[in-house]
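The next block holds one structure in the form of structure tokens; read it before the comments.
The values are calculated or read from the model by the stated rules, or taken from the named source; none is laboratory data. Every value quoted in this text rests on a predicted model; they were computed, and no experiment measured them. Neighbour counts are summed over all protein chains in view; Cβ atoms, including those assigned to glycine, are modelled from backbone coordinates with ideal geometry.
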């Protein structure tokens, strides 16, 4: 099925008085990879299940071009779905698992065999076609689940945290595999994850959710470098969140003070004066007495991460500060660190 865009207009889902998803507006272009990102309970899986037809909406509508589809059952939407738990039939071979959907749709035997062969070749499992799920590794089982989804040649593939059960090395390999399949097949993919690194590396656009409400929609670069509020900043790796006070502003620049600290930063929250939340990434600090935004900290904990160290330190006021460095430091060391003004983001509290 060809289409131009998938639209969610004011999509909402509540359970009793609890709103799991509130007014989600999102347009997904054909061939796009969109990741729904957020912590547990933010509404990302609810949104995916509403898209799949597994949950009825309590508000809004879903459109595939000019056709409204939110009233259709899952099998009529024709979307492919990859679950977190793979959901393979243990008594069926790999080939039978992959071809099950085609059998249900009464696709001809020769056509079904051709499509299953193509799907197995794509996920590099042709040599395992006669095995059963229990004879496969976790990564192989996940590839079977992906092949089962793409063999239907669906307009949209929905993936719900498909890599969360795999170890770190396999997750990295499967991430590349999913991106390769997306590009090779020209898929339209909606992908749910709580892993920022996964979302940044896979998606064309991110949708950051919090308590059922969209916080920001943008490219990975936009969401990573230009978070719209302190929540998105915190979730996207701005581990240093300092409660300070804006004492002066000039254009997009803001001066913040408090806790024995005085910093110049970029005003992201249109704060003119008063309390503010200041966000700084650990990797944006530089060891050394910089000309601006210099801080003196006492090192408390040092974690080895190969080429660099992850350091937990404290200001004289007791406020924790986190930074990364390739310099050798030890607990108890005094260190001078600085950060460029453009890397200091000032938000409304």
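The selection criterion, being surrounded by fewer than 23 Cβ atoms within 10 Å (Cβ to Cβ) and either more than 24 Å from residue 27 (Cα to Cα) or modelled with pLDDT of 90 or more (or both), does not hold for residue 153.
Residue 99 - would you say it is within 24 Å of the chain's Cα centre (by Cα), outside any loop (DSSP other than H, G, I, E, B) and under 21 Å from residue 181 (Cα atoms)? When the stated conditions are applied, residue 99 does not pass them.
Checked against the criteria, residue 223 counts as part of a helix (DSSP H, G or I), modelled with pLDDT of 95 or more and crowded, with 19+ Cβ neighbours inside 10 Å.
Condition check ((1) touching a strand residue (DSSP E or B) at 6+ places or on another chain (Cβ under 9 Å); (2) in a helix (DSSP H, G or I); (3) surrounded by fewer than 19 Cβ atoms within 10 Å (Cβ to Cβ)) across all residues:
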{"site": "3", "(1), (2), (3)": "yes, no, yes"}
{"site": "40", "(1), (2), (3)": "no, no, yes"}
{"site": "75", "(1), (2), (3)": "no, yes, yes"}
{"site": "95", "(1), (2), (3)": "no, yes, no"}
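Can you find a residue in the range 299-315 that is free of Cβ contacts under 8 Å to residues at least 12 places away in the same chain, farther than 20 Å from residue 338 by Cβ and not in a strand (DSSP E or B)? Yes - at least one qualifying residue is present in the range 299-315. For residue 268, the stated conditions hold: it is modelled with pLDDT under 95 and either in the same structural domain as residue 154 (by TED's automatic domain parsing) or crowded, with 21+ Cβ neighbours inside 10 Å (or both).
Residue-level check: of (1) buried (at least 16 other Cβ atoms within 10 Å of the Cβ); (2) touching a helix residue (DSSP H, G or I) at 6+ places or on another chain (Cβ under 6 Å); (3) in contact (Cβ under 8 Å) with a residue 24 or more places away in the chain, residue 28 misses just (2). Of all the listed residues (346, 311), the sole one being surrounded by 15 or more Cβ atoms within 10 Å (Cβ to Cβ) and farther than 30 Å from residue 249 by Cβ is 311.
Taken over the range 43-52, the criterion of being in contact (Cβ under 8 Å) with a residue 60 or more places away in the chain and either on the phi > 0 side of the Ramachandran plot or crowded, with 24+ Cβ neighbours inside 10 Å (or both) is satisfied by 43, 44, 46, 47, 51. Please tell me if residue 172 is in a strand (DSSP E or B), outside the structural domain of residue 339 (by TED's automatic domain parsing) and either touching a residue at least 24 places away in the same chain (Cβ under 8 Å) or out of contact with any strand residue (DSSP E or B) (no Cβ under 8 Å at 6 or more places or on another chain) (or both). Answer is no for this residue.
A quick yes/no check of all residues on (1) at pLDDT below 95; (2) touching a strand residue (DSSP E or B) at 6+ places or on another chain (Cβ under 6 Å); (3) in the same structural domain as residue 29 (by TED's automatic domain parsing); (4) surrounded by fewer than 13 Cβ atoms within 10 Å (Cβ to Cβ):
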position: 238; (1), (2), (3), (4): yes, yes, no, no
position: 248; (1), (2), (3), (4): yes, yes, no, yes
position: 257; (1), (2), (3), (4): yes, yes, no, no
position: 284; (1), (2), (3), (4): yes, no, no, no
position: 290; (1), (2), (3), (4): yes, yes, no, no
position: 295; (1), (2), (3), (4): yes, yes, no, no
position: 305; (1), (2), (3), (4): yes, no, no, yes
position: 326; (1), (2), (3), (4): yes, yes, no, yes
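Selection of the range 176-190 for residues being under 20 Å from residue 4 (Cβ atoms) and touching a residue at least 24 places away in the same chain (Cβ under 8 Å) yields 182, 185, 186, 187, 188, 189, 190.
Yes/no per residue for (1) outside the structural domain of residue 121 (by TED's automatic domain parsing); (2) closer than 30 Å to residue 340 by Cβ:
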{"site": "186", "(1), (2)": "no, no"}
{"site": "189", "(1), (2)": "no, no"}
{"site": "193", "(1), (2)": "no, no"}
{"site": "200", "(1), (2)": "no, yes"}
{"site": "203", "(1), (2)": "no, yes"}
{"site": "209", "(1), (2)": "no, no"}
{"site": "215", "(1), (2)": "no, yes"}
{"site": "262", "(1), (2)": "yes, yes"}
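Do we find a residue being more than 21 Å from residue 130 (Cα to Cα), in the same structural domain as residue 48 (by TED's automatic domain parsing) and out of contact with any helix residue (DSSP H, G or I) (no Cβ under 9 Å at 6 or more places or on another chain) anywhere in the range 99-112? Yes, there is a match, as at least one residue in the range 99-112 is more than 21 Å from residue 130 (Cα to Cα), in the same structural domain as residue 48 (by TED's automatic domain parsing) and out of contact with any helix residue (DSSP H, G or I) (no Cβ under 9 Å at 6 or more places or on another chain).
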